[in-house]
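The values are calculated or read from the model by the stated rules, or taken from the named source; none is laboratory data. Because the structure is predicted, anything quoted here is derived from the model rather than measured. Cβ placement follows ideal geometry from the backbone for every residue including glycine, while neighbour counts extend to all protein chains displayed. Calculation scope for accessible area: heavy atoms of the full protein, side chains included, ligands and nucleic acids excluded. Shrake-Rupley method; radii C 1.70, N 1.55, O 1.52, S 1.80 Å.
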Amino acid sequence: MLLRLPESVSEAQECLAEGAVPVGGATLIWADWQRDGFPEQAVSLRRLPEANVIGRGALGGAVVLNTVDERVPEVLHRAAAAVGTGAVRRTATVGGNLVGSTLRCLLPAALVLGSWATVLDGDGIYETDLAEVLAKHHLLLSLHWREPRVSSYRKLPGEAGGQPPLVVAAAVHTDDGGLNRLHVAVRDGYDVLTADVPCHEGIEEAIRALGDTPVGTLHTAAWRTARQHVADLLARPAGC
C-alpha cells in the first residue's frame, strides 16, 4: 500500500481523484484491512496545515487526540481525553473519530457546541453541517464551533465487551436575544439524543424543560446522570 502525505489542498485533491482512500490514525480500519486486503493507496492529512489547526474556534481533522488541550472548549477537550486508552489517543485523530468510528466519542461534544465542518472533496473545500459529514463520510479538514459561555463532559465507565458507556455533554450559549440556552447531547448505546432549552430562569426550570425533550425519555439511570450533570454545569458562575 502506498501512503500519500499531501502538503497542500491541491495535492490532497489529486490524491482523492486518483482513488486514494482517506485514513486517520488507522486505529479503526487497520484490522479490517488486514482481514479484507489493503487498498492500493491511502491518503493521510497529517502534513496538511489546514487539517492540523488547534485554536480558538477550530480543530483540524488530522489532529491527534492526545494533543487536544485547553485551546478548545472544556467539553471537547475532555471528550478527546476520554477516548480509548493512552495508546489509542496517541494515534487516533479527530476526523477518524467523528467520521470513521461507530462510537463517535467526540460527537456529543461537537453537537452541543453547534459545530459545523470544513470538508474536502474532488471539487474543493466547502463548509457543511455535521449531519452531512456523518451521512456521506466526508473527508474532514476541520471542525468549527460557537464559543460557549461554559461547557462540560462526562463519560461513565464502560464494561469490556458491553454497550458503549453513557456520555453526557452540555454547553451554555447566549442566543441572539441575549438569553442563555442550555444545549445537551447524550450518547446512550449507539444513539445520540440532543436538546436545547432556555436556562436563564434558573436550574430547576431548565431541568424541567429538558425533561420534555427527547433527553427526558432516557431510562431512569441515564436521565438521573444527565440531570445531575446539567445541574452541576448550570451551578457554575457562568452557567445561568
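Here are some notes:
- The residue pairs whose first member lies in segment 34-50 and is in a helix (DSSP H, G or I), whose second member is surrounded by fewer than 15 Cβ atoms within 10 Å (Cβ to Cβ) and among the charged types (D, E, K, R), and whose beta carbons are closer than 9 Å, counting only pairs six or more residues apart or on different chains, are 49/7.
- Checking residue 87 against (1) without any contact (Cβ under 8 Å) to a residue 12 or more places away in the chain; (2) open to solvent by 70 Å² or more (accessible area, probe 1.4 Å), the condition it does not meet: (2)
- Out of 209, 195, 169, 238, one residue alone is assigned to a helix (DSSP H, G or I) and either in contact (Cβ under 8 Å) with a residue 12 or more places away in the chain or within 19 Å of the chain's Cα centre (by Cα) (or both). It is 209.
- All conditions but one from (1) touching a His at 6+ places or on another chain (Cβ under 9 Å); (2) at pLDDT 95 or above; (3) within 15 Å of residue 190 (Cα to Cα) apply to residue 116; the one that does not is (3).
- All of 177, 158 fail the test of being surrounded by fewer than 16 Cβ atoms within 10 Å (Cβ to Cβ), over 27 Å from residue 219 (Cβ atoms) and not charged (D, E, K, R), apart from 177.
- Yes/no for residue 153 being aromatic (Phe, Trp, Tyr) and either open to solvent by 30 Å² or more (accessible area, probe 1.4 Å) or at pLDDT below 95 (or both): no
Conditions (1) open to solvent by 30 Å² or more (accessible area, probe 1.4 Å); (2) over 15 Å from residue 104 (Cα atoms); (3) charged (D, E, K, R), marked per residue:
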{"position": "131", "(1), (2), (3)": "yes, no, no"}
{"position": "134", "(1), (2), (3)": "yes, no, no"}
{"position": "140", "(1), (2), (3)": "no, no, no"}
{"position": "201", "(1), (2), (3)": "yes, yes, yes"}
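- Contact map, segment 1-24: first residue farther than 14 Å from residue 52 by Cα and assigned to a loop (DSSP other than H, G, I, E, B), second residue open to solvent by less than 30 Å² (accessible area, probe 1.4 Å) and among the polar types (S, T, N, Q), Cβ cut-off under 6 Å, separation 6 or more or different chains; pairs are 23/44.
- In segment 31-50, residue most open to solvent (accessible area, probe 1.4 Å) [restricted to those that are acidic (Asp, Glu) and at pLDDT 80 or above]: 40
Condition check ((1) over 29 Å from residue 201 (Cβ atoms); (2) touching a residue at least 24 places away in the same chain (Cβ under 8 Å); (3) among the polar types (S, T, N, Q)) across all residues:
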residue: 97; (1), (2), (3): yes, yes, yes
residue: 120; (1), (2), (3): yes, yes, no
residue: 128; (1), (2), (3): yes, no, yes
residue: 137; (1), (2), (3): yes, yes, no
residue: 149; (1), (2), (3): no, yes, no
residue: 163; (1), (2), (3): yes, yes, yes
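- Against the list (1) in contact with a strand residue (DSSP E or B) (Cβ under 7 Å, 6 or more places away or on another chain); (2) open to solvent by 60 Å² or more (accessible area, probe 1.4 Å); (3) not hydroxyl-bearing (Ser, Thr, Tyr), the condition residue 192 fails is (2).
- Among the residues here, residue 190 does not qualify as under 17 Å from the mean Cα position of the chain (by Cα) and modelled with pLDDT of 95 or more.
- If the condition is being touching a residue at least 12 places away in the same chain (Cβ under 8 Å), in a loop (DSSP other than H, G, I, E, B) and either among the aromatic types (Phe, Trp, Tyr) or surrounded by fewer than 23 Cβ atoms within 10 Å (Cβ to Cβ) (or both), then segment 51-62 contributes 53, 56, 57.
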